[in-house]
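Novice: The following block contains the structure, expressed as structure tokens.
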Amino acid sequence: MQAEPMTNDLVHARALPARHYVGEAMLAMEQHAVFGRSWQLVAHQGQLAEAGDHVVEQIGQVPVIVVRGQDGVLRGFVNVCRHRAGPLALCNGKGAKALHCKYHGWTYTLEGQLRSAPEMQGAADFNVEEIRLPPVRVHEWQGLVYVALDESVPPFEQVYAGIAERIAPIDLSAMRYLRRDSYEIACNWKVYIDNFLEGYHLPHVHPGLSKVLDYRAYDTELFAWHSLQSSPLRNSAAIYGDGEAFYYFVYPNVMLNIMPGRMQTNRIVPLGPGRCRVEFDYYYAQDAAAQARIAADQDFSDEVQHEDIAICEAVQRGLTSGTYDAGRLCPKRESGVWHFHNLLRAAYADAPVQAHGDHA
Ligand code: FES
């Protein structure tokens, strides 16, 4: 596959070519060049409140574990034992005193230092104090926990710059996690994100949502690593309250859908070239008004999500039909898609290239 040229001119922009939405080789390249080189949302702080609490995740091809130490510090490690690559944990857990490998029982401290290795006395030049789990970067922000595998990933503060200030007086850190809804969708992970990034489809796909957002005032702003779509709310007192809707997309796969007293995070996880899982986590302010809207909010989100699923799955069929390559973007309504595609083009250009010139 030839590298896609950067498109710096919105008025001439085209979408990413259809070939980027199909095939195992493309996804394998993205797992390394996109997911392996970005901040990834892995947990909320409620899952990691006490020493020994831990979560496991897969970032691209790399299993990771995030654990709170006895000293209260949150740390992340590659979840791959230094003996013969077994896992330190297979699922999330609470209150572990140490990390015991599930294969042969080597034991690491919560700080990642090997402490004991059964029956290894006969191994020459083997010193437990020389063996540590490789660390990964961890960052806590507004009650959310992120990891980054690679030192080249920009500082977290740069990627999320200005978001908390922009949405004030909404205070994300005061909201509490309530529940997760997960949806498996028969489309490439980027199809779902492309769809999120434009309000162009609102009048055609979402008749209910169109009634509570102001399409004429709907606006898109672009930042270095994220974009913001916003709209005044109207006729939405029972669902969202009064105020403004903020739809943040943070490269490469996180959305923050913020209304008065409520945040919904979306994390888009590729399951294959033509399949992804979308995780909706709901967080609410603890005031009575926000609490009273929970049921209506979740029902309405589910309705909108099913409308999005239907159109995204149809688009994936179009992309794999062999009849389409890369269409022109609407400068007025699709600048967020253009911005995302340019970030991807830059990531693809940095990916390892095989000898024949194709991306790995
Ligand atoms: S792989 Fe971990 S103890 Fe053997």
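So that you can scan it fast, the table gives a plain yes or no per residue for (1) within 30 Å of Tyr251 (Cα to Cα); (2) assigned to a loop (DSSP other than H, G, I, E, B):
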{"site": "Gln47", "(1), (2)": "yes, no"}
{"site": "Val56", "(1), (2)": "yes, no"}
{"site": "Val64", "(1), (2)": "yes, no"}
{"site": "Gly72", "(1), (2)": "yes, yes"}
{"site": "Pro87", "(1), (2)": "yes, yes"}
{"site": "Gly95", "(1), (2)": "no, yes"}
{"site": "Gly105", "(1), (2)": "no, yes"}
{"site": "Ala123", "(1), (2)": "no, yes"}
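Novice: Another question, then. Which residues, taken from the stretch 171-211, are more than 19 Å from the chain's Cα centre (by Cα), closer than 24 Å to His341 by Cα and part of a helix (DSSP H, G or I)?
Specialist: Selection gives Leu202, Pro203, His204, Val205.
Novice: Separate question: Scan the helices (runs of 4 or more DSSP H) fully inside the stretch 288-355 and keep the ones with 1 or more residues being within 23 Å of Tyr248 (Cβ to Cβ), β-branched (Val, Ile, Thr) and at pLDDT below 95.
Specialist: 294-319
Novice: Please enumerate the residues belonging to the stretch 46-89 that are open to solvent by 30 Å² or more (accessible area, probe 1.4 Å), within 13 Å of the ligand (Cβ to nearest atom) and within 21 Å of the chain's Cα centre (by Cα).
Specialist: Pro63
Novice: Given the conditions (1) under 19 Å from Pro17 (Cα atoms); (2) open to solvent by 20 Å² or more (accessible area, probe 1.4 Å); (3) over 18 Å from the mean Cα position of the chain (by Cα), report the number of the one that Ser335 does not fulfil.
Specialist: (2)
Novice: Could I ask something else about it? Can you tell me which residue within the stretch 277-294, out of those that are more than 14 Å from Met259 (Cβ to Cβ) and surrounded by fewer than 13 Cβ atoms within 10 Å (Cβ to Cβ), is farthest from the chain's Cα centre (by Cα)?
Specialist: Of everything passing the filter in the stretch 277-294, Ala288 is farthest from the chain's Cα centre (by Cα).
Novice: For the condition part of a strand (DSSP E or B), more than 12 Å from the ligand (Cβ to nearest atom), buried (at least 17 other Cβ atoms within 10 Å of the Cβ) and among the aliphatic types (A, V, I, L, M), what is the one hit in Leu41, Leu110? Break it down stepwise before answering.
Specialist: On the way: Leu110 fails: part of a strand (DSSP E or B).
Selected residue: Leu41, the only one of Leu41, Leu110 that is part of a strand (DSSP E or B), more than 12 Å from the ligand (Cβ to nearest atom), buried (at least 17 other Cβ atoms within 10 Å of the Cβ) and among the aliphatic types (A, V, I, L, M).
Novice: Starting from residues that are at pLDDT 90 or above, assigned to a loop (DSSP other than H, G, I, E, B) and in contact with a helix residue (DSSP H, G or I) (Cβ under 8 Å, 6 or more places away or on another chain), keep the ones in the stretch 215-239 and report whichever is nearest to Tyr200 (Cα to Cα).
Specialist: This residue is Tyr218.
Novice: So which of Arg166, Arg179 ends up being open to solvent by 50 Å² or more (accessible area, probe 1.4 Å) and farther than 20 Å from Glu57 by Cα?
Specialist: Being open to solvent by 50 Å² or more (accessible area, probe 1.4 Å) and farther than 20 Å from Glu57 by Cα holds for just one of Arg166, Arg179, which is Arg166.
Novice: Within the stretch 240-259, can you find the residues that are crowded, with 20+ Cβ neighbours inside 10 Å and at pLDDT below 95?
Specialist: If the condition is that a residue be crowded, with 20+ Cβ neighbours inside 10 Å and at pLDDT below 95, then Tyr240, Ala245, Met259 are the ones that fit.
Novice: Need the failing condition index for Lys102 against (1) within 26 Å of Phe156 (Cα to Cα); (2) within 16 Å of the ligand (Cβ to nearest atom), just the number.
Specialist: (1)
Novice: Residues that are among the charged types (D, E, K, R), modelled with pLDDT of 95 or more, under 19 Å from the mean Cα position of the chain (by Cα) and away from the ligand (no atom under 16 Å from the Cβ): does the stretch 24-37 have at least one? Break it down into steps so the answer makes sense when it comes.
Specialist: Kept after step one, since they are among the charged types (D, E, K, R), are these residues of the stretch 24-37: 24, 30, 37.
Checking the rest, the ones that are also modelled with pLDDT of 95 or more come to 24, 30, 37.
In the following step, the residues that additionally are under 19 Å from the mean Cα position of the chain (by Cα) were identified as 30, 37.
The next check asks that each one be away from the ligand (no atom under 16 Å from the Cβ); those that pass are 30, 37.
Looking through the stretch 24-37, at least one residue is among the charged types (D, E, K, R), modelled with pLDDT of 95 or more, under 19 Å from the mean Cα position of the chain (by Cα) and away from the ligand (no atom under 16 Å from the Cβ).
Novice: Evaluate the following for Arg115: is it within 15 Å of the ligand (Cβ to nearest atom) and outside any loop (DSSP other than H, G, I, E, B)?
Specialist: yes
The values are calculated or read from the model by the stated rules, or taken from the named source; none is laboratory data. No experiment lies behind these values; they were computed from the predicted model shown. Neighbour counts are summed over all protein chains in view; Cβ atoms, including those assigned to glycine, are modelled from backbone coordinates with ideal geometry. Just so you know, the surface numbers come from the protein's heavy atoms only, side chains and all, with ligands and any DNA or RNA stripped out. Shrake-Rupley method; radii C 1.70, N 1.55, O 1.52, S 1.80 Å.
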